[in-house]
Amino acid sequence: MTNSQSRAIATAQTSGFSLYDPRVRGLAYQVLVICLIVGGAWYLISNALANLARQSIATGFDFLSRAASFDIAQHLISYSSASSYLRAYEVGLLNTLLVAAVGIVLATVLGTAVGILRLSGNWLVSRLAAIYVEVTRNLPLLLQLFFWYDVITVTLPGPREALSPLPGVFLSNRGFMLPVPADGPALLAVAVAFLVAVALSVGVDIWARRRQYATGQQFPVAWAATVLIAGIPILAWLAIGAPTAMDMPSLVGFGFQGGITMSPEFVTILLGLVFYTAAFIAEVVRAGILAVSWGQSEAALALGLRRGQILRLIVVPQAFRVIVPQLTSEFLNLTKNSSLAVAVGYPDLVSIANTTINQTGQAIEGISIIMAVYLTISLLVSAFMNWFNKRVALKER
Amino acid sequence: MPSEFQAPANVTLRPPVASLGPLGWLRANLFNSWPNTILTLLAVWLIVRVVPPVFNWAILDAVTGQQSAAACRAPGAGACWSFLSEKWRFILFGLYPPDQHWRPALVVLLIVTMLIVSCDRRLWGWALAAIWLTGLAVVFLLMAGGIFGLPYVDDTRWGGLPLTLIISVVGMVLGFPIAVALALGRRSELPVVRALCIGFIELVRGVPLISVLFMASVMIPLFLPRDVTIDKLLRAEVGYALFFSAYLAEAIRGGLQAIPRGQYEAADSLGLTYWQKTSKIILPQALKLVIAPMVNNFIGQFKDTSLVIIIGIFDLMMTAKTALSDPAWLGFYKEAYLFIAVIYFGFCFFMSRYSLWLERHLHRGQRR
């Protein structure tokens, strides 16, 4: 075959039209898929529009500005039944975020502790941790939620006989009451001081790291951070005049006044989510630590590092790489599972949306809002965790 | 020449007493350091605080036999097993006509048998698909009846354990092929197909199951023509299968990504078509790699069947809650939840042990 002949064949293959050309087929398949999807969507939407018109259900998001005319027991921002549906959705979203944020923090703490205890050389302790993990992981979350709800509302005594494990803390079937510092501005000042101290500690860490790279000198960052984080808020508190008054819950008539009250529904969903997710986090932490091979610790020992240093510089950073991606998905699971709040009546986003759907009949809009909100949360959390993961991931050079 | 430092051969020193036997084990495992001793003491304290009261409640003080709720409410009475002897049939089978209870019982037995049979590796392949399709057909005949002299029972009266199992296994059987298609689509070279699959998977994985179930129960009827109605159970099942197919697809994608490129290229160079390559070379290897994650997926999926009660389907969780709302038996939630907890735990624990065993068994070749 001459050169020109083969060139001619090549041109024929690239420019000629043939049903056996994979690109032509690919194009045809894709056009077919698009036609099917568009056709299906058109059919479903035209059905939906006809159905909605027949049942005289409005479409669009105009309903959001109308008065919601239902009450919400727990609202972090001002809300009354005269507020708009949009406001109700905001209240629900904040309730979801509240339970998810508190739940994530507590579940991470508990889960890490249980994961480490399960690896402990102590036979008894590791068995107890294993039993906890196996039992919680293998039971539906909903069952655990119903159980906790009944523990609180059926088994706990009424407000008059409320259990008081610590002074000022009351557990009753109306929820958990906790004392809070009475002086609001002082509390705010201490909180601001705490944030300032955290920011300063981060600054010290960055400075110490730069100095170590430049000069080789080490700086006791951990001690400095402890002093800063403990000291600055205490100083702020002293500067204000060291107010010690607490707003204690106290029994007035049939209920409690003062302090903060966590409703039975909030406590239920929090307990359920924390215990359930902590079991999964414990497994993630355990697997992460086990994934760091023993040779790494041995090598570090041979280099003369101390136990604490080995943990801090060798084991934890490597375990982190394994743990972070899985931890992300556990956090997202917790956030999505908080939607089960609807089953115990905690007014989260899903249960508010459910109420509005029942009132207005605008199911499509209500469900779209739920989905859009959760999707946004999921994407934001994964974006953040991916960024964080990139920082701790193995850097191959 | 023997060294003068060699110990005499006839003297064997016994190890110290404290490092032998139970005492030695205790020292080595529970009291080998101060922190460990404190942990052990805390654990013992916890056990002493929890185990005897639970034992008393469940066994010593328990009320058994056909007794009334009043006997259970007597002061000092422990667990009320009478509640379960009164209600267990309702919790297991829901509103199914009591004289026909042998049918759902047989269905449970059949599904459990199929699950156990599926654990046998020799059957993996088309045989298993055939077993499941035939088995599910028999399940529906038994549950619904209407032929062979079996009275017809509407699916609004199905309930309890058989319904939970049916929702779960039908979800698996429907979801699996969708998941394989999605996983293949996500790795397709056709941009439109790939974008659609990624969009679907990420959308579904980003939202809670409840919203999908709401959608199935509230939105599907809106999207159908006026005269077409789909049963609520079927709608929930469709939503449920689609939801899990997205998660399963991600597990399967993990397996597809783990297949070395050489396998694809070898298949291409043999002149196999896309479908031949996929079904004969790629999928058999990829699926084997992800069996353990898939079983874990099934465990999560089985637990999540309980969510259907939010759209009012009468599964095991709902029958337990309904039994609890009987005015004569209010407040015996521990007994009811313990009963269904044992059932859920049994299935999940069995599956998780099986997946652990499988992982070890299947990777015997790769282990060093």
Item to check | Sole residue being aliphatic (A, V, I, L, M) and under 17 Å from residue B:164 (Cβ atoms), chosen from B:342, B:295 | outcome: B:342
Checklist entry - Residues B:252, B:230, B:259: which one is surrounded by fewer than 18 Cβ atoms within 10 Å (Cβ to Cβ) and either within 30 Å of residue B:163 (Cα to Cα) or of a type in the set (Ser, Thr, Tyr) (or both)? => result B:230
Item to check | Inter-residue pairs, beta-carbon under 7 Å, first more than 13 Å from chain A (Cβ to nearest Cβ) and in the range B:35-62, second surrounded by 13 or more Cβ atoms within 10 Å (Cβ to Cβ) and part of a helix (DSSP H, G or I), 6+ apart | outcome: B:62/B:81
Item to check | Residues of the range A:132-170 classified as within 14 Å of chain B (Cβ to nearest Cβ) and either assigned to a helix (DSSP H, G or I) or under 22 Å from residue A:279 (Cα atoms) (or both), total | outcome: 24
Checklist entry - Going by the structure shown, is residue A:203 more than 18 Å from residue A:312 (Cα to Cα) and exposed (fewer than 11 other Cβ atoms within 10 Å of the Cβ)? => result no
Next on the checklist: Looking for something in a helix (DSSP H, G or I) and either touching a Leu at 6+ places or on another chain (Cβ under 7 Å) or over 30 Å from residue A:23 (Cβ atoms) (or both) - is there at least one such residue anywhere in the range B:145-153?
Outcome noted: no
Checklist entry - Just checking, how many residues over the range A:303-325 are at pLDDT 85 or above and not hydrophobic (A, V, I, L, M, F, W, C)? => result 2
Next on the checklist: Are there helices (runs of 4 or more DSSP H) fully within the range A:293-397 with at least 3 residues that are surrounded by fewer than 19 Cβ atoms within 10 Å (Cβ to Cβ) and not β-branched (Val, Ile, Thr)? List them.
Outcome noted: A:294-302, A:316-337, A:363-392
Next on the checklist: Residues that are over 18 Å from the mean Cα position of the chain (by Cα) and at the interface with another protein chain (Cβ under 7 Å from one of its Cβ atoms): does the range B:341-352 have at least one?
Outcome noted: no
Next on the checklist: Within the range B:318-336, does at least one residue satisfy the condition of being buried (at least 23 other Cβ atoms within 10 Å of the Cβ), touching a helix residue (DSSP H, G or I) at 6+ places or on another chain (Cβ under 9 Å) and closer than 21 Å to residue B:239 by Cβ?
Outcome noted: no
Next on the checklist: Suppose the filter is of a type in the set (A, V, I, L, M), surrounded by fewer than 16 Cβ atoms within 10 Å (Cβ to Cβ) and more than 14 Å from chain B (Cβ to nearest Cβ); does residue A:76 pass it?
Outcome noted: yes
Checklist entry - For the range B:90-105, how many residues are closer than 12 Å to residue B:318 by Cβ, among the aliphatic types (A, V, I, L, M) and assigned to a helix (DSSP H, G or I)? => result 1
Item to check | Residue satisfying condition, being more than 14 Å from chain B (Cβ to nearest Cβ), surrounded by 15 or more Cβ atoms within 10 Å (Cβ to Cβ) and either touching a helix residue (DSSP H, G or I) at 6+ places or on another chain (Cβ under 9 Å) or of a type in the set (Ser, Thr, Tyr) (or both), within set A:208, A:129 | outcome: A:208
Item to check | Filtered residues of the range A:337-365 (kept if without any contact (Cβ under 8 Å) to a residue 40 or more places away in the chain and within 8 Å of another protein chain (Cβ to nearest Cβ)) | outcome: A:342, A:354, A:357, A:363
Item to check | Search result, residues across the range B:253-280 that are in contact with a Leu (Cβ under 7 Å, 6 or more places away or on another chain) and closer than 18 Å to residue B:189 by Cβ | outcome: B:278
Checklist entry - What residue, among those in the range B:145-202 that are among the aromatic types (Phe, Trp, Tyr) and touching a residue at least 24 places away in the same chain (Cβ under 8 Å), is surrounded by the fewest Cβ atoms within 10 Å (Cβ to Cβ)? => result B:200
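The values are calculated or read from the model by the stated rules, or taken from the named source; none is laboratory data. Everything quoted here is computed from the prediction, not taken from an experiment. Counting neighbours? That spans all protein chains shown, and the Cβs are built from the backbone with ideal geometry, glycine included.
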